[in-house]
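Structure first, then comments.
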Amino acid sequence: TFMIYMGDPIKTNKTARSHHIDMLSSVLDNVPVHKVSEHLLHTYENFHGCVAKLTENEAKVISGMDGVVSVFHNDKNYPHTTRSWDFMGFPLDVERSNMESDLIVGVIDFGIWPESESFRDDSGFGPPPTKWKGRCQSSSNFTCNNKIIGAQYFRIDGNVTEDGIASPRDTTGHGTHTASIAAGGVVKAASFLGFGQGTARGGVPSARIAVYKPCWGDDGCLFSDVLAAFDAAISDGVDIISISLGNTLIRPYFMDSIAIGGFHAMKKGILTSAAVGNHGPSLGTVRNHAPWLLSVGASTIDRKFTTKVRLGNGMVFEPDLVAPGVSIVAAWSPIAPVTGIEGDERSVSFNMAHGTSMACPHATAIAAYVKSFHPTWSAAAIKSALMTTALPMSNAMNEEAELAYGSGHINPSNVTNPGLVYDANEGDYVKFLCNEGLSDSRIRSITGDNSSCPENNTTNWDLNYPSISLAASLGSFDNTFIRTVTNVGSSNSTYKATVTTPQGQSLTIKVQPSTLSFKSLGQKLSFSVRVSGNIGVRALISASLVWDDGQHQVRSPIVVFNLS
């Protein structure tokens, strides 16, 4: 089975399915015309693509056709809180927006256990928001309510595993756990067999949950089903997507189901929060690092006497930030294994789990919290708010520093009022993709318009990102970065730049201009950051830039590294 990705939806009178059948007909030489449709397993709506049964040679022929961005195997993704919210300074009685109950958190995972106390709707929930367009696949006694307003499962090839249920119901516990961390209701006296006793709750307990199940027990999550889940979530009208899944390999962006789905979600203003995996600690182990995703690593909380981050490092890529992901108590499916050890037949309503899968929904919830106050902000603006307000972390126990923990530890207390944001739109990401080597024809397929790469390409580091990183060659380096900030704080404000560099390192950072004066909300101002110095073999130098107006401290980490 192959995935065929062709970018943005076609704008013709011809249906996408008809287009795909014609395309397959041209390569399936020995297949009668009336049998071609049997090779077409699925057609997507929010992006131009399909799933088809092909030979390797047929796939190669299609990959060279006009309008085809990528053709790749239908591989699999795999899965990557009583105390954690209080640990982050985010108590239950924190100021909340009246819009929170209109937020819809889309969770792409292993399903959900709807009978869990975390998903009751008897605490003042009204009907689903009017923007909701989704549905509930009621099967195997599965029903939705005004908390879980939608639930679907996806198995394009129709082969449900022996340990699976043809239903959105969760048989592993993983999906129930992540959903309850993000948006579960308040459950008092929750614990895992007496451990971690306290009040379990999600970060946005009044938000609604939409469940998308492309994952099936030990069989993982087929790329085709994950993309179908993204497709449905975008159509249904979710506000944010949480996905605690990832691939075992680092892939090109448009041969990765999560990067593709997240890109098209971004185009609709939907931020995708994604776990970066648990493959560390070694170089090149971060997954889900596309710049339009919020990439989340895992940290410990104060239930263990350590602050060491358990996350691996990215080679070139550093959201983005870390969130609690160790010893997290949250809802569980009572029919799911507690430990996975043969013979363990215990049944629990809450379980303790670890990993970036648990950290991701923490970041999802805080992003949703920001959106409840700023419903018109773009996905990039919300991501910027989380990154620039994150608490700086020490490299004393993380020698890879920002490559391990990104901008720092998520900090909900200031996230709705960051002062300035580094915004970006589809056009900015297109320029980034041009620098990744994509041709004009593929760019036009992805965007669905007449976009093309500029003759004088910018560099990858000119993407308007809240952090600055430079992979430098051995010896001297001298690079200039351009950034633009948007004023979302006070209408009349003046920010001054403060640069912090480590002692004993050959590093010089100059910011021009060093003062930014804003006259109105929404005003944009640009500045340059020149980073120069010398670096040794396999060395890393950390610094930071803070814009401060006396009320807001907008922090961007700067890291220069050599991996040769």
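Remarks
- Segment 485-497, residues that are among the hydroxyl-bearing types (S, T, Y), modelled with pLDDT of 95 or more and either loosely packed, with under 14 Cβ neighbours inside 10 Å or more than 31 Å from the chain's Cα centre (by Cα) (or both): S493, T494
- Segment 139-193: number of residues that are open to solvent by less than 40 Å² (accessible area, probe 1.4 Å), hydroxyl-bearing (S, T, Y) and farther than 24 Å from Y78 by Cβ: 2
- Residues within segment 229-256 that are under 16 Å from I270 (Cβ atoms), open to solvent by less than 10 Å² (accessible area, probe 1.4 Å) and polar (S, T, N, Q), tallied: 1
- Of the strands (runs of 3 or more DSSP E) entirely within segment 1-106, those holding at least 3 residues that are under 30 Å from Y369 (Cα atoms) and within 30 Å of the chain's Cα centre (by Cα) occupy 76-79.
- Scanning segment 413-452 for residues being touching a Ser or Thr at 6+ places or on another chain (Cβ under 9 Å), open to solvent by less than 20 Å² (accessible area, probe 1.4 Å) and under 18 Å from D66 (Cβ atoms) gives a total of 1.
- Among (1) open to solvent by 10 Å² or more (accessible area, probe 1.4 Å); (2) modelled with pLDDT of 80 or more, the one test that N278 misses: (2)
- Residue ID - nearest to H48 (Cα to Cα), chosen from residues in segment 231-263 that are at pLDDT 95 or above, more than 10 Å from the chain's Cα centre (by Cα) and not small (G, A, S): D231
- Hey, G158 of a type in the set (G, A, S), over 22 Å from S357 (Cα atoms) and touching a Gly at 6+ places or on another chain (Cβ under 9 Å) or not: no
- Total residues in segment 29-60, condition farther than 15 Å from L222 by Cβ and buried (at least 17 other Cβ atoms within 10 Å of the Cβ): 10
- Within segment 460-483, the set of residues being touching a Ser or Thr at 6+ places or on another chain (Cβ under 9 Å) and loosely packed, with under 15 Cβ neighbours inside 10 Å comprises S473, L474, S476, D478, N479, T480, I482.
- Any hit, segment 149-166, residues being part of a loop (DSSP other than H, G, I, E, B), touching a helix residue (DSSP H, G or I) at 6+ places or on another chain (Cβ under 8 Å), under 25 Å from I366 (Cβ atoms) and not polar (S, T, N, Q): no
- Some residue of segment 3-20 being farther than 23 Å from N247 by Cβ, touching a His at 6+ places or on another chain (Cβ under 9 Å) and surrounded by fewer than 14 Cβ atoms within 10 Å (Cβ to Cβ): yes
- Note on segment 531-564: among residues that are surrounded by fewer than 22 Cβ atoms within 10 Å (Cβ to Cβ) and charged (D, E, K, R), the one that is nearest to L474 (Cα to Cα) is R538.
The values are calculated or read from the model by the stated rules, or taken from the named source; none is laboratory data. Predicted model only: the values in this text are computed from it and were never measured. Every residue, glycine among them, receives a Cβ derived from its backbone with ideal geometry; neighbour counts consider all protein chains shown. With ligands, DNA and RNA removed, areas are computed over all heavy atoms of the protein, side chains included. Shrake-Rupley method; radii C 1.70, N 1.55, O 1.52, S 1.80 Å.
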